[in-house]
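No lab work stands behind these numbers, since they all come straight from the coordinates. Quick caveat: nothing in here was measured; it's all calculated off a predicted structure. Reconstructed Cβ throughout: ideal geometry from the backbone, glycine too, with neighbour counts over all protein chains shown.
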Amino acid sequence: MDTYDVIVVGGSYAGISAAMQLARARRRVLVVDAGRRRNRYARHSHGFLGQDGREAAAIVADARAQLMKYGTVRWHDGTATLAVPRDGGFRVSLADGEAAHGQRLVLATGVVDELPAIPGLAERWGASVFHCPYCHGYELEQGRIGVLATGAHSLHHALMLPDWGQVTFFLNAAFEPDAEQLAKLAARGVTLERTPVRAIAGRATVALRDGREMAMDGLFVVSRLRGASPLAELLGCDMEEGALGKYVRTDMMKATSVAGVYACGDLARMTGNVAMAVADGAMAGAAAHQSLMFGAPA
Ligand SMILES: Cc1cc2nc3c(=O)[nH]c(=O)nc-3n(C[C@H](O)[C@H](O)[C@H](O)COP(=O)(O)OP(=O)(O)OC[C@H]3O[C@@H](n4cnc5c(N)ncnc54)[C@H](O)[C@@H]3O)c2cc1C
């Protein structure tokens, strides 16, 4: 079994950022990555300093190429299926039957978006249906924006999005604003539509149950989030209950409740983006490195 100072599970924005800190400290690092980035549905990535509007895949490919120039880094394309404490560190099992041992573990496995079961919605995810106005709102050119309610949390979306265009809030029997909320929506110029949604067609046309169709330039929906991997919970890491789903609790250094295990990126925050994942990864990588010298927080 190969041994490493640190095993990083998840080789996207957060994981590569963590591994970079460790590589630059000349530590032996294994990155295990299943290659299913959360934003793989969107061609371009926006809002990340110096990379605005680049292909999302190209940002990660460049980062990986730069990381792999460091001689102490190994990369495994595949899935980590289990991580258990072993010999003062962690034994990580891989889907191909191999295993590796690391003194420390950095989890950067990301999240999965769970979308409402509206026909035609999932097919347009990342192309004309989005969750993050900062990521994809600007490109809608102040056009017609639909917000599809999935619950009370969608009110926030509906109140924010008028900064990006003319908003229709499709309540879809998922949420009914009270008088105070109605006043706020009116003040922001939001149009309400109560007829339930039947399907999404065309670019972003909302087909209603009464037969009407409302053409939009883009749609926003709040997705439920769940961890893309069960590793953190299997290790016993404490979780936080966020508004959109559970995420791994960490301290400011990205240490989890399990000594020697760090978590970064979307997996360990209520909501995230590329810049935040990269920042979290840098912190987790530096913290994991320093714990090799000074000990991991208990
Ligand atoms: C449609 C869409 C568009 C977006 N657009 C933008 C944008 O324009 N700008 C922006 O800043 N943010 C955007 N985001 C958000 C952004 O994608 C995430 O914040 C970011 O990907 C989080 O990075 P991460 O490294 O934490 O996780 P991810 O990028 O999701 O990477 C996690 C990695 O871990 C791997 N993994 C998971 N489990 C295992 C396992 N058991 N073993 C091995 N590997 C594993 C996955 O396969 C994946 O490669 C978008 C999100 C979506 C859904």
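Okay, here's what the table says:
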| quantity | calculated |
| --- | --- |
| J(HN,Hα) series, the range 28-43, from Karplus relation 6.51 cos²θ - 1.76 cosθ + 1.60, nearest Hz, glycine and proline x | 7, 10, 10, 10, 10, 9, 8, x, 10, 4, 4, 8, 5, 7, 9, 5 |
| Options 29, 140, 60, ranked by Cα towards positive dipole end of the chain, top entry (Cβ charges) | 29 |
| Where no second cysteine Cβ lies under 4.7 Å, the cysteines concerned in the chain | 237, 264 |
| Under 30 Å from residue 246, Cα to Cα: lysines that are on another chain or at least 8 residues apart | 184, 254 |
| FRET efficiency, residue 160 to residue 69 (Cβ-Cβ, R0 51 Å, nearest 0.05) | 0.80 |
| Stokes-Einstein D in µm²/s, Kirkwood radius over Cα pairs - the range 1-112 at 37 °C with 0.692 mPa s viscosity | 228 |
| Intensity falloff of the range 169-298 expressed as log10 I(q)/I(0), Debye formula with alpha-carbon point scatterers, at q = 0.10, 0.17 Å⁻¹ | -0.54, -0.91 |
| Rough spin-label spacing in nm, given labels placed 7 Å along Cα→Cβ, for residue 62 and residue 205 | 3.9 |
| Prolate/oblate/rounded call for the range 116-221, Cα gyration tensor, a/c under 1.5 rounded | oblate |
| Label zone at residue 95, where the point sits 7 Å out along the Cα-to-Cβ direction: the range 3-29 residues whose backbone N lies under 14 Å | 10-11 |
| Rounded, prolate or oblate (a/c below 1.5 giving rounded, otherwise prolate when a/b exceeds b/c) for the range 231-298 by Cα gyration tensor | oblate |
| The chain - percent relative contact order, Cα under 8 Å, separation 6 or more | 22 |
| Length-normalised contact order of the range 185-285 in % [C-alpha pairs under 8 Å, at least 6 apart] | 14 |
| Shape category assigned to the chain from the gyration tensor of Cα positions, a/c cut at 1.5 | prolate |
| Distance between the range 109-169 and the range 219-298 - C-alpha centres, whole angstrom | 25 |
| Value of D in µm² per second that Stokes-Einstein yields for the range 44-161, Kirkwood Rh from Cα pairs, at 4 °C (1.567 mPa s) | 71 |
| Normalised contact order of the range 226-280, rounded percent, pairs of Cα under 8 Å and 6 or more residues apart | 27 |
